[in-house]
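Report on the following structure.
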Amino acid sequence: MLLQRTISQNASHLDEPGLDLTPIIDMVFMLLIFFLVATTFQKLEREAKIALPQTIASEPISTAMREIVINVDADGQIRVAGKALSEEQLTSMLKTAVAANPQQKVSIRGDRTTAYANVARALDVCKQCGVTEPFLQSIPLR
């Protein structure tokens, strides 16, 4: 009789529903890895040593599509994703991007100490390649 009662108690524990947290924990780790990798790629574009000028109406753009960020450093060197590019290389890259997406977004980040002619050169390349509205980035006044 005692053996039957013990067996029936063990069987009732097996029938109780339980909550398995393993899939939830796996999903959290996958999301964590995804966001770490995504922020690493974004960091490459913002990594250039550019001291942006201050403006009153500056604010970040929401990027519905992948935006190309062109950095013009203090020496007038054009960089995209951390790589120095010549005007010809930039033209080729932008023409390819605009051919694939006519609404391609392009941001130009010019160092505040560089000559405006360097930033204008990058703007000119954008216009020649069909970028309709290149955006000049700045930081807000405090």
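The values are calculated or read from the model by the stated rules, or taken from the named source; none is laboratory data. Given the structure is predicted, the values throughout are model-derived calculations rather than measurements. Counting neighbours? That spans all protein chains shown, and the Cβs are built from the backbone with ideal geometry, glycine included.
Among the candidates Glu59, Glu45, the residue that is under 12 Å from the mean Cα position of the chain (by Cα) and at pLDDT below 90 is uniquely Glu45. Please determine whether any residue of region 111-132 is of a type outside the set (Lys, Arg), in contact (Cβ under 8 Å) with a residue 60 or more places away in the chain and within 14 Å of Lys49 (Cα to Cα). Yes, region 111-132 has at least one match. Applying the condition of being loosely packed, with under 13 Cβ neighbours inside 10 Å and small (Gly, Ala, Ser) to region 85-119 and asking which residue is farthest from the chain's Cα centre (by Cα) yields Ala117. Here the condition is being of a type in the set (A, V, I, L, M, F, W, C) and either in a loop (DSSP other than H, G, I, E, B) or modelled with pLDDT under 90 (or both); of Ala122, Ala51, Ala117, it holds for Ala51 alone.
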